[in-house]
Amino acid sequence: MKNLLTDIPGVRVGHADDAKLASGVTAIMFDKPAVAAIDVRGGAPGTRESALLDPANMVEGIDAVMLGGGSAFGLDAAGGVQAWLAEHGRGFAVRGAVIPIVTGAIIFDLLNGGDKSWGRFAPYRDLGYAAAAAAAAAADFALGSAGAGFGATTANLKGGLGSASAVTSDGVKVAAIAVVNAVGSVTVGDGPWFWAAPFEVGEEYGRRGLPPTFTPDMLRMRLKGGNAATSVEHTTLALVATDAALTKAQAKRLAMIAQTGMARAIYPVHSPLDGDVVFAAATGEKPVDPRVGLTELGMVAANVVARAIARGVYTATALPFPGALPAWRDRFG
């Protein structure tokens, strides 16, 4: 186990980003179509093909998930991922047609200092294609300021992309990837402590624990943009993958339980200002008891989401623009 989403067999991750643009795309690719669902808790989501993930709808498996920057412009990145899959014959067969099924979600990173003067067409479709190609070619992937997390920020520190994994008592693997662009904070007050500290494994995000006491100042609301924050500027995205065999309804329940991990790692969360989304995907390798087994899987998934969020901020590097937010390591080593 590498403590990455790719610890789930048959799941691949690739990034493409542009330093001048200060934005990027991450493609999560499945070797075989995965059963998937989505749970949306934020008040301002930006998604593509989310309706087909409803358990009542027909398509059972998806080929890829796109996570991207660029706000609504970034939704084009899913078309790039779809183009790469189409070139390789992947997709849902309808008689003579093959349609790659790519769902996705975006964060708002348009005001982070990068050059967004891209002309008539935004570059996200090409970034999506490059991310898909990178996923096919690599076994590992970078954390922090990479891919969809390249331009992400939080209320007080540079955001980023994180990942973590675990195994349930029954030997079922579960892992998460998160893009942390929250309106709130992932750390407590002005200190180095992560809200997700109780769930840390080893020293994956510094092993600072929690503060010895909580002061009123630590518990006050800190918002990116302060009182001027708007409902289009923030979002945390996560995808939970497992090698369990789940139905779409069970995957939906897994996504719902995994959302708890955001509440363990971000303060405040699921606000009208965020577009918080969790995808769940199951590759179908191991049976799971539909009651106790699914409950434990969700419990562990929530912990993994919290850890992935903290790792995203812990491993991020600051953007090289005047007034850019510091990275966690810039402030706390």
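Which whole-number percent is the relative contact order of the stretch 92-217 (Cα, under 8 Å, 6+ apart)?
Averaging sequence separation for qualifying contacts and normalising by length gives 14 percent for the stretch 92-217.
If you take Kirkwood radius over Cα pairs in Å from the coordinates, which of (1) 21.3; (2) 19.2; (3) 23.7 do you get?
(2)
Could you run the Karplus curve 6.51 cos²θ - 1.76 cosθ + 1.60 with θ = phi - 60° over the stretch 266-281 and give me ³J(HN,Hα) per residue in whole Hz, x for Gly and Pro?
Karplus-based 3J(HN,Hα) across the stretch 266-281 equals 10, 9, x, 9, 6, 8, x, 8, 10, x, 4, 9, 10, 9, 10, 9 Hz.
Which order do the peptides 148-155, 98-105, 278-285 take when ranked by the mean count of other beta-carbon atoms within 10 Å per residue, highest first?
148-155, 278-285, 98-105
When ranked by the protection proxy of mean other Cβ atoms within 10 Å per residue, highest first, what sequence do the peptides 124-136, 1-13 form?
With the highest mean Cβ count within 10 Å placed first, the list reads 124-136, 1-13.
For each pair in Lys32/Lys248; Lys20/Lys224; Lys2/Lys252; Lys2/Lys32; Lys2/Lys286, compute the distance between the two Cα atoms and list the pairs where it is over 18 Å.
Beyond 18 Å between Cα atoms: Lys20/Lys224; Lys2/Lys252; Lys2/Lys32; Lys2/Lys286.
Roughly what would the spin-label model give for Asp170 and Arg95, points 7 Å off Cα along C-beta, in nm?
According to this spin-label approximation, the distance is 4.2 nm.
Just subtract the alpha-carbon distance of Leu111 and Ala51 from 0.36 nm times their residue separation and send over the number in nm, one decimal.
Once the chain is fully extended between Leu111 and Ala51, it gains 18.7 nm.
Of all accessible surface on the stretch 32-139 at a 1.4 Å probe, what whole percent is carbon and sulfur?
The C+S portion of the solvent-accessible surface of the stretch 32-139 is 56 percent.
Could you grab the relative contact order for the stretch 222-333? Cα pairs under 8 Å, six or more apart, rounded to a whole percent.
Answer for the stretch 222-333 is 31 percent.
Report, in deg cm²/dmol and to the nearest 500, the calculated mean residue ellipticity at 222 nm for the chain, where each DSSP H run with n ≥ 4 adds -39500 (n - 2.57) and the sum is divided by the residue count.
One gets -6500 deg cm²/dmol as the mean residue ellipticity at 222 nm.
I'd like the carbon and sulfur percentage of the solvent accessible area for the stretch 162-263, probe radius 1.4 Å, heavy atoms only, ligands and nucleic acids excluded.
57 percent
With θ set to phi - 60° and the Karplus curve 6.51 cos²θ - 1.76 cosθ + 1.60, what are the ³J(HN,Hα) couplings of the stretch 252-259 in order, to the nearest whole Hz, using x for Gly and Pro?
4, 5, 4, 4, 5, 5, 5, 4
Magnitude of the Cβ-charge dipole of the chain, K/R +1 and D/E -1, about the Cα centre, nearest 20 debye?
Dipole magnitude for the chain comes out near 260 debye.
How long is the gain from Asp289 to Glu87 if the chain were fully straight, where each residue apart is worth 0.36 nm and the alpha carbon distance is subtracted?
68.9 nm
Might you tell me the accessible area per residue for the chain, computed with a 1.4 Å probe and given in Å²?
39 Å²
Excluding Thr260 itself, calculate the net charge of residues whose Cβ lies under 14 Å from the Cβ of Thr260, where each Lys or Arg counts +1 and each Asp or Glu counts -1.
+1
Calculate the tail of P(r) for the stretch 172-277: the fraction of all Cα-Cα distances greater than 16 Å, expressed in %.
Roughly 64 percent, once rounded to a whole number.
What does the charge count around Ile99 come to, taking other residues whose C-beta lies under 15 Å from its C-beta (Lys +1, Arg +1, Asp -1, Glu -1)?
That works out to -1.
Using alpha-carbon positions, what is the distance between the centroids of the stretch 154-183 and the stretch 4-74, in Å?
About 14 Å separates the Cα centre of the stretch 154-183 from the one of the stretch 4-74.
The values are calculated or read from the model by the stated rules, or taken from the named source; none is laboratory data. Please read all numbers here as calculations on a predicted model, not as lab measurements. Cβ: placed from backbone, ideal geometry, glycine included. Neighbour counts: every protein chain shown. Heavy atoms of the whole protein, side chains included, go into the accessibility calculation; ligands, DNA and RNA do not. Shrake-Rupley method; radii C 1.70, N 1.55, O 1.52, S 1.80 Å.
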